[in-house]
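Enquirer: Supplied in structure tokens, the structure appears directly below.
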Amino acid sequence: MKNKPIPVNVFATVALVVLTATGNAQTTDLRTAYQQAAASSPLVAQTRARWEAEQFGKDIARSALAPQLTAAGSISQNNLDLTGFSSSAIDESYNPSSYSVTLTQPLINGSAWSTLQASRSIAESFKAGLLAVQQDLILQTADAYFAVLRAEALERTVVSRLTLLQKISDRAESERREGTGDIISVEEARARLDGAQSERLSARNGVQLARRALERLTHQSADALADLETLEPQGPIPARMEDWVQSAENSQPVLEQARQKLQASRYTISAASRGSWPVLSLNAQYLHSDGSFIPEMERRESLIGVSVVWPLFQGGAVRASRARAKALAQASQYGLEVLQDHVRMETQRSFLNLENSAAQLTATRRALESATTALKATQKGYEIGSRSVVEILDSEQRHANAESDYTLALYSQVLARMQLKASAGVLSEQDVNAINALLNVSAESRSQK
């Protein structure tokens, strides 16, 4: 006996009610999400502020080598009672005043010069740190963005499956009442339906959690997101792992940050060592004073010359500072080596992950096509009575699993591309724009296909 057909749409979902809330919302794409995150990220703002602060640090260090101009002046009320200087005592009140202008130009100051070089390296390290934070934010935003799309796709799959299972369950119950079915098929269909209802709740919660994670980065409500319609598998380009590792060693901002910190620590050693060097300066001064107890006396004086200050002993401060700076430089060197090993490993892992991702996307796409064909064939068999309810339930489960696997592989492929570039230190906003160009389908329109 033929069974009545059960309509199956294997790629679409009837979960329009789930997306009603976003039906009128403006679609947000990846570029917009990243721009929102970059504009509101406290970590980016903090790192940029510290980098800007270090620009002034260079000016402060440079000032020790720049001309120093000072002015001084004084005025006072003096009372003089002088005896024994002449035949009569002197008892006078007078108001002396004076002012001076002094110009000092350091000619040789080895410690200050090394400190300036260290401050430049520190500023460069913060610049590299800012780039590292920006790259990490791109990756975090993309991960959160596609996590929302992945969760929504899973929810659509579950809702579509739930609708199909409800129809199968109703049909099995109807056939049992008509005497053409059995209780085993009814119970099996109900069990699958109960499981799908539980999965729907879990999927709905997953969407909410994913949206909250994205909103935490963008500090904006996550409206409807532009989605991927399709994506061709793509492995690493260039295809040699060594090229990517070399790129990471040359371009990774966290390595550049560590190198600049190491260079700064070496300049600090030099500055500490030169703390015992003589400091040679050019000095010029003009002095004017009047109002002494000798009437009509006025003094004008100018001078120009060279002075040398040579700190011969400072209580061991120079030796201790030099030893401390050497120890810190050694620690920075070891830290750089550890970081280099980590970056190489992460780049190699990202390279292999992208290769696996491309293969996985191809495999899951073919598996989905196969599961779709099998589900249609099983449905036809059920309609003519050659397949049972349990068989169509099993086929539906395999199709749902294949669709979930393909969705996961699709978004993982995009993230794997970005992760490899991030590991190599070359991820930029241009990559965001390139991925954004692939996002031309809204979640709502996709659900209606």
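Enquirer: Report every pair of residues separated by at least 6 positions or lying on different chains whose Cβ atoms are under 9 Å apart, first residue within segment 357-378 and basic (Lys, Arg), second surrounded by 14 or more Cβ atoms within 10 Å (Cβ to Cβ) and not in a helix (DSSP H, G or I).
Expert: Every condition considered, the pairs that remain are Arg365/Pro233; Lys376/Val8; Lys376/Val10.
Enquirer: Considering only segment 195-206, I want to know if a residue exists there that is in a helix (DSSP H, G or I), at pLDDT 80 or above and among the acidic types (Asp, Glu).
Expert: yes
Enquirer: In the list Asp394, Asp405, Asp341, which residue meets the criterion of being under 30 Å from Ala118 (Cβ atoms) and either touching a residue at least 12 places away in the same chain (Cβ under 8 Å) or in a helix (DSSP H, G or I) (or both)?
Expert: Step by step, each of Asp394, Asp405, Asp341 is checked, and only Asp341 is under 30 Å from Ala118 (Cβ atoms) and either touching a residue at least 12 places away in the same chain (Cβ under 8 Å) or in a helix (DSSP H, G or I) (or both).
Enquirer: Name the single residue that is surrounded by the most Cβ atoms within 10 Å (Cβ to Cβ) among those in segment 332-387 being under 30 Å from Pro238 (Cβ atoms), among the aliphatic types (A, V, I, L, M) and in contact with a helix residue (DSSP H, G or I) (Cβ under 6 Å, 6 or more places away or on another chain).
Expert: Leu354
Enquirer: All but one of (1) small (Gly, Ala, Ser); (2) out of contact with any His (no Cβ under 6 Å at 6 or more places or on another chain); (3) assigned to a helix (DSSP H, G or I) hold for Ala371, so report the exception by its number.
Expert: (2) is the only condition that Ala371 fails.
Enquirer: So for segment 163-180 (the condition being among the charged types (D, E, K, R), part of a helix (DSSP H, G or I), within 21 Å of Ser198 (Cα to Cα) and at pLDDT 85 or above), does at least one residue qualify?
Expert: There is no residue in segment 163-180 that is among the charged types (D, E, K, R), part of a helix (DSSP H, G or I), within 21 Å of Ser198 (Cα to Cα) and at pLDDT 85 or above.
The values are calculated or read from the model by the stated rules, or taken from the named source; none is laboratory data. Since the structure is predicted, the reported quantities are computational estimates derived from the model, not experimental observations. Neighbour counts are summed over all protein chains in view; Cβ atoms, including those assigned to glycine, are modelled from backbone coordinates with ideal geometry.
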